[in-house]
Amino acid sequence: MALIVFMRGANVGGHRAFRPAALAKELSALDVVNVGAAGTFVVRKAVSQSVLRAELQRRLPFKAELMMCRARELVDLATAEPFPPDASAIGMRRFVSVLAKRPTKVPAIPFSQPAGASWQVNVVGLRGRFVLSLWRRTGQALLYPNEVVEKRLAVAATTRTWDTLTKICGILERR
């Protein structure tokens, strides 16, 4: 069973910097595919999450926060087409945040930040540990989905674009 690894806060503004492609190459025995520069990996060989977590921590130059899920969870999310039909409107981008754990308290969804017509982040769904949100630039100080999700759900998260999840599903299909 394939696993997907999402690193939190890696390669952001020079903080927790590493070379994801080089790490994937070091882990070639596990058939690891790097997806982008943010620390997203598809691990196609069957391995337990605990063994994989230990192996990643051993090879990284910093203590990494890792969110992992089974490939089936991600494929099920993608095939469900979870975003509202207008989610691909001009100026909006789709994001998925992966939570470190399920939140103990969930606010009413959907919600926007800031509230009202000038929203920048609109959280539109929660499916297990995946939070679905829309983002748009409004000319105000920028808010990003990850900060809104973490604050409102009180759980650590890492966020990727929907396009990244689509790439992951493509890698899984080509296996």
All but one of (1) within 19 Å of VAL43 (Cα to Cα); (2) surrounded by 13 or more Cβ atoms within 10 Å (Cβ to Cβ); (3) of a type in the set (Lys, Arg) hold for ARG127; which doesn't?
(1)
What about VAL131, is it out of contact with any Lys or Arg (no Cβ under 7 Å at 6 or more places or on another chain), more than 14 Å from ARG94 (Cβ to Cβ), among the β-branched types (Val, Ile, Thr) and in the same structural domain as SER88 (by TED's automatic domain parsing)?
no
Can you tell me which residue in the range 72-95 is nearest to VAL149 (Cα to Cα), limited to those that are hydrophobic (A, V, I, L, M, F, W, C) and in contact with a strand residue (DSSP E or B) (Cβ under 6 Å, 6 or more places away or on another chain)?
PHE95
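For every residue, the table says whether it meets (1) of a type in the set (Lys, Arg); (2) surrounded by fewer than 12 Cβ atoms within 10 Å (Cβ to Cβ); (3) at pLDDT 90 or above.
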residue: ALA29; (1), (2), (3): no, yes, yes
residue: LEU52; (1), (2), (3): no, no, yes
residue: PRO61; (1), (2), (3): no, yes, no
residue: ILE90; (1), (2), (3): no, yes, no
residue: PHE95; (1), (2), (3): no, no, yes
Considering only the range 145-156, I want to know if a residue exists there that is in contact with an Asp or Glu (Cβ under 8 Å, 6 or more places away or on another chain) and touching a residue at least 24 places away in the same chain (Cβ under 8 Å).
yes
Conditions (1) touching a Gly at 6+ places or on another chain (Cβ under 8 Å); (2) touching a residue at least 60 places away in the same chain (Cβ under 8 Å) -> ARG137 fails only (2)
Quick check, is VAL98 touching a strand residue (DSSP E or B) at 6+ places or on another chain (Cβ under 6 Å), within 16 Å of CYS69 (Cβ to Cβ) and touching a residue at least 60 places away in the same chain (Cβ under 8 Å)?
yes
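The values are calculated or read from the model by the stated rules, or taken from the named source; none is laboratory data. Note that the coordinates shown come from a computational prediction; the quantities given were computed from them, not determined experimentally. With ideal geometry, Cβ positions are generated from the backbone for all residues, glycine too; neighbour counts draw on all protein chains shown.
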